[in-house]
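The values are calculated or read from the model by the stated rules, or taken from the named source; none is laboratory data. Because the structure is predicted, anything quoted here is derived from the model rather than measured. In this analysis, Cβ positions are derived from the backbone assuming ideal geometry, glycine residues included, and neighbour counts consider all displayed protein chains.
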């Protein structure tokens, strides 16, 4: 029965290890997510820099048109004071055109500001998400390390169980060998006793044979009359 249980345990363990091998490595995937988020943050930052550049450019351009309009208005005032109505009118036309161009850039400038604000918020959100993801990745790494340690411990437990099964088998063999040794000792004692009895029986038989031979010899001697002396 222990050997059957050990075989079942080995099959279950092998199946579990095979299933784990088929699953994507969580730590590797988490690190890849962090790298992807870092790339997204860099892309967002580059977009933010571009949007800021566009916003600054529109602001400078609009400010330039406003300044240009103001300058033409001052020229028109000086020309008008000097009595040069035609030139003053021409300067005012340039001033009005500059203010129109400045006004035309108001909406693009506002759009650029909104885009910058949105990109800035998205970039900050990505940074917060990256910090959160980094914490989760660290937890995943710790969990995987714990799972790996548990797997190693489980394998060690399997080795221990198999070793104990083998030790138990050795104990069984040792007990069986001890019984064999006892049987051999008992058989040896019986054989020794039988040999002793056989030797004693043989000795008794020889003694009886000697006694019989001695009696026969005496009888033959008694049956023969003694020879006369002389």
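Brief remarks on what is shown
- Applying the criterion of being surrounded by fewer than 14 Cβ atoms within 10 Å (Cβ to Cβ) and touching a helix residue (DSSP H, G or I) at 6+ places or on another chain (Cβ under 8 Å) to the residues of the range 128-145, the residue that is farthest from residue 39 (Cα to Cα) is 143.
- Exactly one residue out of 101, 32, 22 is surrounded by 12 or more Cβ atoms within 10 Å (Cβ to Cβ) and at pLDDT below 85, and it is 32.
- In this entry, residue 106 passes the filter for residues that are surrounded by fewer than 15 Cβ atoms within 10 Å (Cβ to Cβ) and closer than 15 Å to residue 65 by Cβ.
- Taken as a whole, the structure leaves residue 73 outside the set of residues that are modelled with pLDDT of 60 or more, in contact with a helix residue (DSSP H, G or I) (Cβ under 6 Å, 6 or more places away or on another chain) and within 30 Å of residue 124 (Cα to Cα).
- Looking only at the range 49-69, and only at residues there that are in contact with a helix residue (DSSP H, G or I) (Cβ under 7 Å, 6 or more places away or on another chain) and more than 12 Å from residue 113 (Cβ to Cβ), the one that is surrounded by the most Cβ atoms within 10 Å (Cβ to Cβ): 69
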